[in-house]
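Participant: Below is the structure I would like to discuss, written out as structure tokens.
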Amino acid sequence: MSSESLTYAGGAEEVIAQWNARREPFTLRDGDFPAVDVDLAPFKNSQVAQSAVTDRAHKSKWTAKRCLIAREFTGKTELAFLNAQLISNLRRKDCPDSLVTLFRRIWAEESEHLMAELDLRWQVSSIITFADHGQTPAERELGLGLKMLFGMIKLYEFERLFSGQPPNEAWRFGNRASAEMPLEMDQYSLNHGGLDSALLAPLWLTAQSDNIAGPLAQNLLNKLNAETSTIFRRLTTMKARRAKQRAAKESRT
């Protein structure tokens, strides 16, 4: 037995098994979803009723899931609710191709409406769905890139809350630990580091060139740019402080 300490004791097999356990497909009935060529106007122009939260006509795992989703969409449009239902199925294995086609169609034709109706959490869920179901390299690249970006932001920002520091407050320079970076990484340079730009710029460029996933990706990247409580804003604040300190030091010499 190896004495090596592992974050996931079972290695790749454990991680993949955990992932697959959440991907068992729902059993769908005819009529659970509209046809791929359905007129979308009625969905845009009608709101989700409170009755959608309770469906006693058919009891199934999918019905229970749909009712759970409906709690978040009462008062929103049926099209926004339809998008959420599609995502919930597209995250699972063996999803019908018709649902993939319908998902891409509503984003191709109604992205402006959907971005106005969906909160940021559902916008993120929408873009990462393109990772597995995009039909062009740009769609898949945006889906995969933003899935990794927002996933790591969520993990990092959650863990940081345990520091007791509010997320909009950058670290001060005096308490920096002398420990080495993990995985033999070089430390990030506040003076000259460009890793943040290297992560974000390709995504922005791809988003600007894509007509279906692109508008949603650009909206999310713009929201990220405006957010004051992420590692990107904190690093920018720290860079500005360091530059101010250097300028003050140079002015004294």
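The values are calculated or read from the model by the stated rules, or taken from the named source; none is laboratory data. This structure is a prediction, so every number in the text was calculated from the model and none was measured. Cβ sites come from the backbone with ideal geometry, for glycine too, and all protein chains shown count toward neighbours.
Participant: Of the residues that make up region 3-15, is at least one more than 22 Å from HIS133 (Cβ to Cβ), surrounded by fewer than 12 Cβ atoms within 10 Å (Cβ to Cβ), modelled with pLDDT of 95 or more and of a type in the set (S, T, N, Q)?
Facilitator: Looking for residues that are more than 22 Å from HIS133 (Cβ to Cβ), surrounded by fewer than 12 Cβ atoms within 10 Å (Cβ to Cβ), modelled with pLDDT of 95 or more and of a type in the set (S, T, N, Q), one finds none in region 3-15, hence no.
Participant: Further question: Kindly list the number of the only condition in (1) part of a loop (DSSP other than H, G, I, E, B); (2) farther than 28 Å from ALA207 by Cα; (3) touching a residue at least 12 places away in the same chain (Cβ under 8 Å); (4) of a type outside the set (Phe, Trp, Tyr) that fails for ALA70.
Facilitator: ALA70 satisfies all of (1) part of a loop (DSSP other than H, G, I, E, B); (2) farther than 28 Å from ALA207 by Cα; (3) touching a residue at least 12 places away in the same chain (Cβ under 8 Å); (4) of a type outside the set (Phe, Trp, Tyr) except (1).
Participant: Right, here's the next one. Please specify each residue of region 115-129 satisfying the condition of being surrounded by 14 or more Cβ atoms within 10 Å (Cβ to Cβ) and among the acidic types (Asp, Glu).
Facilitator: GLU117
Participant: Looking at region 171-207, which of its residues are surrounded by 13 or more Cβ atoms within 10 Å (Cβ to Cβ) and farther than 19 Å from MET152 by Cβ?
Facilitator: LEU190
Participant: Do we find that SER229 is loosely packed, with under 15 Cβ neighbours inside 10 Å and under 17 Å from GLY151 (Cα atoms) in this structure?
Facilitator: Taking the combined requirement at face value, the residue satisfies it.
Participant: Which residues, taken from region 124-177, are of a type in the set (S, T, N, Q), touching a helix residue (DSSP H, G or I) at 6+ places or on another chain (Cβ under 8 Å) and closer than 30 Å to ALA108 by Cα?
Facilitator: SER125, SER126, THR129, GLN135
Participant: Mind checking which residues of region 83-114 are buried (at least 20 other Cβ atoms within 10 Å of the Cβ) and either in a loop (DSSP other than H, G, I, E, B) or not assigned by TED's automatic domain parsing to the domain that holds THR63 (or both)?
Facilitator: CYS95
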